[in-house]
Amino acid sequence: MEKILVSACLLGNKVRYNGKDLLCDEEILLQWLNEGRVIPFCPEVSAGLPTPRAPAEIQHGGGDNVLTHQARVIANTGDDVTAQFIAGAENTLKTCQDNQIRIAILTESSPSCGSTTIYNGQFSGTKVTGTGVTTALLMRHGIRVFSQHSIRDAAALIGY
Ligand code: SF4
């Protein structure tokens, strides 16, 4: 049975920077859980970042630019957490490869998991078009990344 990697916070795990979850009650996701298809994963926690943690945003680019060292991930405390975000992306990729995963459902707008939007790096609450660091790395390796808002598109890919 094809496995699907899902952001842990969408499954009710309180792993977000603010110590909360972002539970998604999409029916297909519940069905996948019941079928045993779902592999929960949080890139940032996998890299050893604490929960709660300072919010972070990508400055001067998106996830791809972070992977090529042209942009950094900076917390609102000023700490540079780029290395941890790249490590989290690599951990996620390894989990996908170990489980032959080709589809991931990741949380929209996160600096790790965003797939169509991220925040603009100024902690102003402004979103811009872009992808998070983990999403960028997964996409480079041919893994299709969807958000909690496009789960039905992912479902269509596996014949639901
Ligand atoms: S890194 Fe991804 S899975 Fe982890 S809390 Fe942030 S959005 Fe959720």
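Straight-distance candidates among the aspartates and glutamates for linking to Lys3, with alpha-carbon spacing under 13 Å and chain neighbours fewer than 8 residues away dropped: Glu35, Asp98. Computed over the chain, relative contact order equals 23 percent, with contacts defined as Cα pairs under 8 Å that lie 6+ residues apart. In the chain, helices alone account for a calculated mean residue ellipticity at 222 nm of -8500 deg cm²/dmol, with every DSSP H run of four or more residues adding -39,500 (n - 2.57).
Taking every Cα-Cα distance in the range 4-157 and sorting them into 10 Å bins starting at zero, the pair-distance distribution P(r) comes out as 12, 45, 34, 8, 0 percent.
Among bridges DSSP assigns within the chain, what percent are antiparallel (round to 5)?
45
Since every read-out is calculated from the coordinates, none of them should be taken as a lab result. Bear in mind the structure is a predicted one, so any value in this text is a computation, not a measurement.
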